[in-house]
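Everything on this sheet refers to the single structure shown next.
The values are calculated or read from the model by the stated rules, or taken from the named source; none is laboratory data. Note that this is a predicted model, so its numbers are computed, not measured. Heads up, the Cβs are rebuilt from the backbone with ideal geometry, glycines too, and the neighbour counts pull from every protein chain shown. We work out accessible area using only protein heavy atoms, side chains counted, and drop any ligands, DNA or RNA first. Shrake-Rupley method; radii C 1.70, N 1.55, O 1.52, S 1.80 Å.
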Amino acid sequence: METNFKTLKTGLMGAALSVALTSAATAASWDMPTPYPDKTFHTQNIAAFAKDVGEATGGKLTIKLHSAGSLFKHKEIKNAVRGGQVPIGEFFLGLLANEHPAFGVDTQPFLATNYDDARKLWAAQRPVVEKLLDKQKLMVLFSVPWPPQGLYTKKEIAAVGNLKGLKFRTYNPTLEKFAKLAGAAPTQVQVPDIPQAFATGRVEAMITSPSTGANSKAWDFLSHYTDIQAWVPKNIVVVNKRAFRKLDKSLQKAVLAAAKKAEARGWEMSMKETATKTGILKSNGIQIIKPSSALMDGLKKIGAEMMTDWKKSAGAEGKKILSSYGN
Ligand code: PCA
């Protein structure tokens, strides 16, 4: 009896040990680079996504965030996921506008300027983006917009002519083109470097959201925010397809469910940000200005010119996006 009991006990311990080893072997930890600082709502949304994944998988898949470009610089994140150095990452979708114009359609001035239109545009853009990224062995998990983009300056801008010669901070090729056509002198600067770039005089104006303006403490170096609502650009979270396929089916399902939830939550957070962060700009002394019709007419003219060029370069994919967007 004793021996039998002992054998059973040893057997059970062995079984328990092997269960522990198996789950240790299948438990995965994903490093996830993102470009923006921790207090950015996008980063907070991704932190909630990571938490959801951890909880839904009972810790079998944990996602470790590396924010503010700390693991890979913003421009390197997409290729790091593509090359499998990391399984998952976030970046600004319009950063890829030079790769294919379809990636930057949400940064085309005055094409989609509010959340309803931005949703429609994403619905039209998503299948095209998915197909293009699939060729790079990447899968789209979710995409979340920034609030509508406004103009930050050190003086009042009553017409496009007032932008002439201004050293202008930009974040992607489309914005660079817009700034150039407006007569400004563009320089690309990443979000974490904005305060420094203004402090040293490298730049003196920018177009971005109330979120990024408030988080960068724009009142330390600027005085005017003109609410031009020029476009509603997005960040995107992608996963390396091989890394995804390596996960058990149940884990794959958990990731997809958490992604869906993150997209819905992110759009809600973004809409709330617009009012809250505009309020913060105002309470810190920035003048919030409704644009003059002369300024809007001038900027829209540039937007129309850019749209004509975009259509020429975006080919069949561009046509597909615009026809399903209804434009
Ligand atoms: N903030 C990011 C992208 C758009 C936005 O609102 C930036 O300024 O780079």
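Partner lysines whose Cα lies under 22 Å from the Cα of LYS164, excluding those fewer than 8 positions away in the same chain, are identified as LYS154, LYS155, LYS177, LYS180, LYS290, LYS300, LYS301. Scanning residues 5 or more positions from GLU204 or on other chains, those with amide H under 5 Å from its amide H are LYS167, PHE168, ARG169, with H placed 1.01 Å from N in the peptide plane.
Peptides 45-58, 231-244 ranked from most to least packed give 231-244, 45-58, packing being the mean of other C-beta atoms within 10 angstrom over each peptide's residues. With a 1.4 Å probe rolled over the protein heavy atoms of all chains, the accessible area of ILE88, ILE288 falls in the order ILE288, ILE88, largest first. Under 1.5 on a/c is rounded, so check that first for the stretch 264-327, then, if it is not, pick prolate when a/b is larger than b/c and oblate when it is not; a ≥ b ≥ c are the square roots of the alpha carbon gyration tensor eigenvalues. Oblate is the answer for the stretch 264-327, as a/c is 1.5 or above yet b/c matches or exceeds a/b.
Each residue of the stretch 231-248 was assigned a 3J(HN,Hα) from its phi angle through the Karplus expression (A = 6.51, B = -1.76, C = 1.60, θ = phi - 60°), giving 6, 10, x, 10, 9, 9, 10, 10, 10, 5, 4, 5, 4, 5, 5, 5, 6, 4 Hz with x at Gly and Pro. Would you work out if the chain is rounded, prolate or oblate? Take a ≥ b ≥ c from the square roots of the eigenvalues of the alpha-carbon gyration tensor; rounded if a/c is under 1.5, else prolate when a/b is larger than b/c, oblate otherwise. The shape class here is prolate.
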